[in-house]
Amino acid sequence: MSRPIFLSLPRSVRIFVFAGYLYLFGARVSNAEDHISVKWQDYSEDNDRIRVISRYMGFEKKVSNQITLKGHGVHDAISGATPTGAPADDGVNVPLSNLTDVREAGVIDLDWTRGIHKSTFQYSHSSESDFLSRGYAYSQTSDYNKRNTGLSYGISFIDDDVRPTFFSEHREKGSHDYFLGISQVVDPNTIVALNYTYSDISGYLSDPYKIIRRETEILPGLSLPLTFAENRPTDRTRHIWFFNLKRFFDQVGGSLDFDYRYFNDNWGVESNTFDLEWYQKIGENLIIRPKYRYYTQNSADFYTLDLTGTVIDPRVSLQGVAPFYSADYRLAKFDTHTFGVKVVYNFGDRFSVDAAFERYEMEGKDETPQSAFADADIITLGASLWF
């Protein structure tokens, strides 16, 4: 099934962002590292588009002085409608296709700490009615310079099976990612980090549910608007640069988190992401976190709304072989804005609850009809218990 862009983002990232700030507002009980967390999220697009109800549970358990076990699981109930890729006949409203699905996913981490070095082994699994993914990852982090400088690297492999019911056999794709990063404590209140990721993806990379239209001559003098499956390359190379700045301000008891991400690939897609969050502590127990995120990308080289008038004839094209074409709005030129606020309340040192609201808005920047893009409200509720 096809997903909105928001859903392609790892949910664990959103939780990790807050977890990284706990030390700025005062550590919890030093021996209370074991904890469990639960979250509920409602992602709801406007105009009865996609809706996803997510239930999340995570835990962390220190097995020994050197070994820590972490686990995360999520259940997504997905329903609604998404653009097919066919153009808008009235020039305004793009055709939609209904869908329902359930996604079950989980991640297990094993951290092994030896002095200034920490190794992490990870296994992930995700399944839907038409999709199966398995991931394996290893990363190493080492602290130097009196633990003020951190160096990290990692490698991961993801093995996916794409298996919609109308395929005669499963299609496969694989992804290799290589990561290198450095972090530096600038002063007692400031940390900066810079990461680079190289990603190589190969296999079946088209979306089996996306189509494209072409006015096609079926008899001499008779043409009809026929639709065909999209055709993307079978390889994608991605380069990702990520910069993060964390700064705590003593005067106001608040902390700034700024992220910048640059992305480009061999499909011609280039994007920039700016993410700004402010964590404000009020009293001893309350934290408020407003945020703003801006994302902008250009279109893929082979993105087009319609093949009519081109020399491309999908009837003789082979999947994964040039010429390539797609009318998937996620490959178009667009901007997104995310506005949000989160509230966290700590009941002492061992229990906290949180609630967040975000507004996600997409704005097309090319000839793609605005109706192809989705705006959404995102509500998240959560709780954490430390032992």
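We did not get these values from a lab; they are worked out from the coordinates using the rules stated. It should be emphasised that the depicted structure is a prediction, and the values quoted were computed from it without experimental measurement. All Cβ positions, glycine included, derive from the backbone under ideal geometry; neighbour counts span all protein chains shown.
If you add up the charges near Ser119, with Lys and Arg at +1 and Asp and Glu at -1, over every other residue whose beta carbon is less than 14 angstrom from its beta carbon, what do you get? Working shown, then result.
On the way: positive: Lys70, Arg114, Lys118; negative: Asp109, Asp111, Asp143.
So the surrounding residues net to 0.
Name the GluC sites (Glu not before Pro) in segment 144-241 that are in a loop by DSSP and that have at most 16 other C-beta atoms within 10 Å, would you?
On the way: sites: Glu169, Glu172, Glu215, Glu217, Glu230; in loops: Glu169, Glu230.
Sites meeting the loop and neighbour criteria: Glu169.
Using only DSSP helix segments of four residues or longer, with each worth -39500 (n - 2.57), what per-residue ellipticity at 222 nm results for the chain after dividing by its residue count and rounding to 500? Walk me through the numbers before you get to the answer.
Working: 1 runs with 9 residues, N = 387.
Estimated from H runs of four or more residues: -500 deg cm²/dmol.
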Please find, in a Gaussian network model of the chain (springs between Cα atoms separated by less than 10 Å), the residue of Asp257, Asp46, Asp89 whose mean-square fluctuation is greatest. Asp89
Obtain the nm distance between the two label points defined at Asp301 and Tyr198 by a simple spin-label model: each point lies 7 Å from its Cα along the Cα-to-C-beta direction. 2.0
Environment charge of Trp278, counting only residues whose C-beta is closer than 14 Å and scoring Lys/Arg +1, Asp/Glu -1: +3
What FRET efficiency comes out for the pair Ile282/Lys146, r = Cβ-Cβ distance, R0 = 35 Å, nearest 0.05? 0.60
Of Ile108, His337, Thr308, farthest towards positive along the dipole that unit charges on Lys, Arg, Asp, Glu beta carbons give the chain: Ile108
If you look for lysine pairs in segment 78-342 that are eight or more places apart or on different chains, how many of them have Cα atoms under 17 Å apart? 6
Separation of alpha-carbon centers, segment 88-156 and segment 287-322, rounded to whole Å: 24
Quick one: check the C-alpha center-to-center distance for segment 348-381 versus segment 191-239, whole angstrom. 26
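If you put +1 on each Lys and Arg Cβ and -1 on each Asp and Glu Cβ, how big is the dipole of the chain around its Cα centre, in Debye rounded to 20?
Numbers: 40 positive and 52 negative charges, 287 e Å.
Result for the chain is approximately 1380 debye, rounded to the nearest 20.
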